[in-house]
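Please read the structure below before turning to the comments.
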Amino acid sequence: DGLGGSSQNYGFSRVPEEQLLRAAREEMTRAKLAVLILPGIGTVEDLKMARDAGATVALVATHCTEADISEEHIHWAKQNGMEVVTFLMMSHMIEPRYLLEEARKMESYGADCVYVVDSAGAMLPDDVRARVSALVEGLECQVGFHAHNNLGLAIGNTLAALEEGANQVDGSTCGLGAGAGNAQTEVLAAALAKAGYETGIDLWKLQDAAEEVVRPILPRPIIIDKDALTVGYAGVYSSFLLHARRAAERFGVDARDILMEMGRRKAVGGQEDLILVVAQDLAAERSGK
């Protein structure tokens, strides 16, 4: 979960964040080094460390109804020369008009781009169109879209976002990401080329990077299995998936039941500890206690 996310709650990084950032920066010649920070998990001090390590883009992410907690982080990043991209996570949970209200807050704090983020991979193309178009029409800054593939719609939803005027979209090689992964960059690049978009991407080199560099280090295949599909169906935060699987194994319950209950309770990112409570409750119900 970004800067400051190495913790008991989220799992510990094996390499210090600053070391990772400096290693990446040393290899970069054209790209911008970006960091993700969730206010309440990452602090301004974490952001300062990242800036000093060479990051020039700050991705400041909040739940879709909590844009007001991003003000301090956005102000600091802008005052210290960083480009600021903001994420309204779990954007499927509120109607487009309310999402626009939150986006306007981020724009007023200084955001250069505000993203509609389908953290659960729960959106259908019409959901994406409605939210992206609302922000495009209602903001002066750029608008972005970030997809997850839990319903198999990451590429299609990204194309829909671009058709509605999105300026920035996200992808990851091999789809590496939470749940069933993000929009697969090498697939997205090919789809964009066929749709007539000029990306400047060398598709063969991108495919080689995915196949020869990323795929060999994947800890597990990025696929839409039954649990990942349930994440999208239940509309829960994609990062819940691994936590739900571990809890399911520990308490002898079905991860899908945990995810569905988390969706019923409208849990959001940052509530990973609730997964253990839900798993324990399900185990108790099964045993009749």
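Here are a few things to note about the model shown:
- Qualifying residue in region 228-246 (condition: in a helix (DSSP H, G or I) and farther than 21 Å from Glu272 by Cβ): no
- Highlighted here are the strands (runs of 3 or more DSSP E) found entirely within region 20-101 that include at least 3 residues which are farther than 20 Å from Ala134 by Cα and either over 15 Å from the mean Cα position of the chain (by Cα) or at pLDDT 95 or above (or both): 34-37, 57-63.
- Each residue in region 156-181 was checked for being closer than 20 Å to Ala210 by Cα and either under 15 Å from the mean Cα position of the chain (by Cα) or among the polar types (S, T, N, Q) (or both), and 13 of them qualify.
- Sole exception among (1) modelled with pLDDT of 95 or more; (2) surrounded by 16 or more Cβ atoms within 10 Å (Cβ to Cβ) for Ala193, by number: (2)
Let's see how each residue does on (1) over 20 Å from the mean Cα position of the chain (by Cα); (2) surrounded by fewer than 21 Cβ atoms within 10 Å (Cβ to Cβ):
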| site | (1), (2) |
| --- | --- |
| Pro221 | no, yes |
| Lys226 | yes, yes |
| Thr230 | no, no |
| Phe240 | no, no |
| Glu249 | yes, yes |
| Asp257 | yes, yes |
| Lys266 | no, yes |
| Gly270 | no, yes |
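- Filter result (under 13 Å from Thr65 (Cα atoms), touching a helix residue (DSSP H, G or I) at 6+ places or on another chain (Cβ under 6 Å) and in a helix (DSSP H, G or I)) within region 102-121: Glu102, Ala103, Lys105, Met106
- Filter result for Ala210 (surrounded by 19 or more Cβ atoms within 10 Å (Cβ to Cβ), in contact (Cβ under 8 Å) with a residue 12 or more places away in the chain, within 27 Å of Val268 (Cβ to Cβ) and touching a helix residue (DSSP H, G or I) at 6+ places or on another chain (Cβ under 9 Å)): no
- Among the residues making up region 149-200, a single one is among the β-branched types (Val, Ile, Thr), farther than 17 Å from Gly232 by Cβ and touching a Phe, Trp or Tyr at 6+ places or on another chain (Cβ under 8 Å): Val169.
- Residue pairs meeting the criteria (Cβ under 7 Å; at least 6 apart or on separate chains; first in contact (Cβ under 8 Å) with a residue 40 or more places away in the chain and on the phi < 0 side of the Ramachandran plot, in region 260-289; second in a helix (DSSP H, G or I) and surrounded by 18 or more Cβ atoms within 10 Å (Cβ to Cβ)): Glu272/Phe240; Glu272/His243
The values are calculated or read from the model by the stated rules, or taken from the named source; none is laboratory data. Just so it is clear, the model here is predicted, and its values are computed rather than measured. Glycine gets a Cβ as well: all are built from the backbone with ideal geometry, and neighbour counts include every protein chain shown.
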